[in-house]
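Let me begin by presenting the structure, written as structure tokens, before commenting on it.
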Amino acid sequence: MSKQFDVVVIGGGPGGYIAAIRAAQLGFSTACIDAWTNEKGGPALGGTCTNVGCIPSKALLQSSEHYEHAGHAFADHGINVSGLELDVAKMLKRKDTIVKQNNDGIVYLFKKNKVTFFHGHGSFVKAADGGYEIKVAGKAEETITGKHIVVATGSNARALPGAAFDEELILSNDGALKVGAVPKKLGVIGAGVIGLEMGSVWRRCGAEVTVLEALPTFLGAVDEQIAKEAHKLFVKQGLSINLGVKIGEIVKGANDVTVNYTDDKGAEHKAVFDKLIISIGRTPNTNGLNAEAVGLALDERGFVAVDGDCKTNLPNVWAVGDVVRGPMLAHKAEEEGVAVAERIAGQHGHVNFNTIPWVIYTSPEIAWVGRTEQQLKADGVAYKAGTFPFMANGRARALGDTSGMVKFLADATTDEILGVHIVGSMASELISEAVVAMEFRASSEDIARICHAHPSLSEATKEAALAVDKRSLNF
Ligand code: FAD
Ligand code: NAI
């Protein structure tokens, strides 16, 4: 007889493992199935985020930033470094250790919360009674049942036609995190989040990085003023960013790869790279779920189709995270996982899509929440804007990084905060204040009247809020 659970979660990334933990906290007998396998053949819980996404990329961003600072920025502080060397193998080993700590942490959390873990591939099978069961194909094969099923199978890198990932020369995010020696020339197709983060890592380590982007605008989803400032800073750092290109044939050599492309003026180019990262977005993982056998509906782009509550077309089958519509972000996946577990328990799980923060972990970082100025214009909303540059912030000067600014957008009539956009040091941390403020529907005046510690970067947030009313004090 098959093992029976109240809740079966397929996928152990941020969406799945968090849904499983919350379901178990709510008193449900819960199983989580995850297929990710480490090099020893064992499980590696945490999905894309832990294994080849958020965590390892931030580890390499940190290492490469230290290396760059040691090479240039320390001298300003009177710290002279000689004989500076980069040990790439050690940098990668540190990253792998951090990943493993996170993998092990989730195993511990499953034990603590009594979540039953199955290492293997989960798929739907039709049951004799017309319902469905979940087949787990691991070392052994078994069938389990759940009163509720949560699909959290995540996403995978999208390949360019004719340029399959070999993870040696043509790299997805996976290979981009494992490059064993700094490439002399690195090509990046796609100036999105991965392209900029991974391009920054290898540029800081010494690679000559060329980014090729199809769209004519840089970071189109980001507030225009912030994107322009970021573009200027990235170009100054040495990233070659080419917008409006059309990628042609990609030809692999023995040790290099040639990208034929047409630039925004119609001129044809042949660029030869030692490595090529392709980061042009991600596709949902629904292959292998056997969705069609049980009639689980996918949308026109291949995502599991869900309503606002993450319900699929099948009764008691839910889906969360990258495999459904919405931003492909770990914290979005987690929020949906918690909300679904609470809805299963009859509670009112809640995800506010208007206050999901975005962060791009370049240097300077880019972070935002809410609407951009161009979106407000398109929506016909009357707004007021206030900006404050880090150049006028004492802490930024002491840190030695005065690049960027904080920008507030508030409703012209009610003063409610509609969007906050930051490019600058520690933007990832600063944005939380704006998220909290927007969640509580605060006005810019509320932030302007709150005491912020001095000296801190967060004073730039207060000053930008003051600037909405044209009364910033330090600029
Ligand atoms: P995933 O993390 O993809 O997990 C899905 C899991 O399900 C995987 O373990 C997979 O093996 C498993 N699985 C799939 N099919 C099956 C099956 N049939 N049976 C069993 N198991 C299955 N987001 C951020 O918020 N911040 C960041 O800094 C950030 N950085 C990123 C950097 C990179 C390089 C990349 C690629 C992504 C990054 N992301 C970041 C995005 C983030 O990783 C994803 O949004 C997040 O992992 C989605 O979580 P998920 O649980 O939906 O899916
Ligand atoms: P992306 O959507 O961020 O960027 C893809 C870029 O590639 C776009 O600018 C797009 O216009 C361009 N592009 C598409 N097709 C192209 C083509 N044929 N030629 C040239 N350019 C082309 O996708 P990316 O960088 O792959 O990342 C995927 C997702 O992973 C992100 O959208 C984000 O949700 C998540 N992520 C989040 C991070 C974070 O939160 N810090 C870090 C990394 C990834």
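Would you pick out the residues in segment 258-270 that are more than 19 Å from Asp166 (Cα to Cα) and in contact with a strand residue (DSSP E or B) (Cβ under 7 Å, 6 or more places away or on another chain)? Result: Tyr261, Thr262, Asp263, Glu268, His269, Lys270.
Taken as a whole, segment 350-358 holds at least one residue that is in a strand (DSSP E or B) and either at pLDDT 95 or above or within 28 Å of Cys32 (Cβ to Cβ) (or both). Please work out which residue is nearest to the chain's Cα centre (by Cα), limiting yourself to segment 118-165 and to residues that are within 28 Å of Lys311 (Cβ to Cβ), surrounded by fewer than 16 Cβ atoms within 10 Å (Cβ to Cβ) and within 14 Å of ligand 1 (Cβ to nearest atom). Per the criteria, the residue is Arg158. Residues considered: Gly326, Gly346. Of these, the only one that is within 16 Å of ligand 2 (Cβ to nearest atom), at positive phi and small (Gly, Ala, Ser) is Gly326.
Could you list all residues from segment 287-323 that are near ligand 1 (Cβ under 8 Å from one of its atoms) and not in a helix (DSSP H, G or I)? Hits for segment 287-323 are Gly288, Leu289, Val320.
In the set Ile189, Ile250, Ile226, Ile194, which member is surrounded by fewer than 23 Cβ atoms within 10 Å (Cβ to Cβ), of a type in the set (A, V, I, L, M, F, W, C) and in contact (Cβ under 8 Å) with a residue 40 or more places away in the chain? I'd like the intermediate steps shown before the answer.
Working: Ile189 fails: surrounded by fewer than 23 Cβ atoms within 10 Å (Cβ to Cβ); Ile226 fails: surrounded by fewer than 23 Cβ atoms within 10 Å (Cβ to Cβ); Ile194 fails: surrounded by fewer than 23 Cβ atoms within 10 Å (Cβ to Cβ).
Sole residue among the options that is surrounded by fewer than 23 Cβ atoms within 10 Å (Cβ to Cβ), of a type in the set (A, V, I, L, M, F, W, C) and in contact (Cβ under 8 Å) with a residue 40 or more places away in the chain: Ile250.
Criterion first (touching an Asp or Glu at 6+ places or on another chain (Cβ under 7 Å) and among the small types (Gly, Ala, Ser)) does Gly175 satisfy it? Here the answer is yes, as Gly175 does meet what is asked. Note on segment 282-331: among residues that are among the basic types (Lys, Arg) and over 21 Å from Glu342 (Cβ atoms), the one that is farthest from the chain's Cα centre (by Cα) is Arg301. Going by the structure shown, is His331 within 11 Å of ligand 1 (Cβ to nearest atom) and either surrounded by fewer than 22 Cβ atoms within 10 Å (Cβ to Cβ) or under 30 Å from Lys185 (Cβ atoms) (or both)? Considered against the rule, which asks whether it is within 11 Å of ligand 1 (Cβ to nearest atom) and either surrounded by fewer than 22 Cβ atoms within 10 Å (Cβ to Cβ) or under 30 Å from Lys185 (Cβ atoms) (or both), His331 comes out as yes. With the structure loaded, tell me whether Ser57 is surrounded by fewer than 23 Cβ atoms within 10 Å (Cβ to Cβ), within 9 Å of ligand 1 (Cβ to nearest atom) and of a type in the set (Gly, Ala, Ser) or whether it fails that test. Criteria met by Ser57.
This table checks each residue for (1) assigned to a strand (DSSP E or B); (2) surrounded by fewer than 18 Cβ atoms within 10 Å (Cβ to Cβ).
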| position | (1), (2) |
| --- | --- |
| Met391 | no, yes |
| Ser403 | no, no |
| Thr413 | no, yes |
| Gly419 | yes, no |
| Glu433 | no, no |
| Ile447 | no, no |
| Cys451 | no, yes |
| His454 | no, yes |
| Lys462 | no, no |
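Of the strands (runs of 3 or more DSSP E) lying entirely inside segment 146-264, those carrying at least 3 residues that are aliphatic (A, V, I, L, M), closer than 26 Å to Val88 by Cβ and at pLDDT 95 or above are 185-189, 208-212.
Tell me, please, whether a residue that is among the hydrophobic types (A, V, I, L, M, F, W, C), over 23 Å from Gly122 (Cα atoms) and modelled with pLDDT of 95 or more can be found in segment 36-53. Taking every residue of segment 36-53 in turn, none turns out to be among the hydrophobic types (A, V, I, L, M, F, W, C), over 23 Å from Gly122 (Cα atoms) and modelled with pLDDT of 95 or more.
Restricting to segment 12-44, give me the number of residues that are part of a loop (DSSP other than H, G, I, E, B), more than 16 Å from ligand 2 (Cβ to nearest atom) and within 28 Å of Gly346 (Cβ to Cβ). Walk me through it before giving the result.
Within segment 12-44, the first condition is being part of a loop (DSSP other than H, G, I, E, B), and the residues that meet it are 12-13, 26-29, 35-36, 38-42, 44.
From what's left, more than 16 Å from ligand 2 (Cβ to nearest atom): 12, 26-29, 35-36, 38-42, 44.
After this cut, where a residue has to be within 28 Å of Gly346 (Cβ to Cβ) as well, the list is 12, 26-29.
Within segment 12-44, residues that are part of a loop (DSSP other than H, G, I, E, B), more than 16 Å from ligand 2 (Cβ to nearest atom) and within 28 Å of Gly346 (Cβ to Cβ) number 5.
The values are calculated or read from the model by the stated rules, or taken from the named source; none is laboratory data. Computed from a predicted model, the values in this text were never measured in an experiment. Glycine gets a Cβ as well: all are built from the backbone with ideal geometry, and neighbour counts include every protein chain shown.
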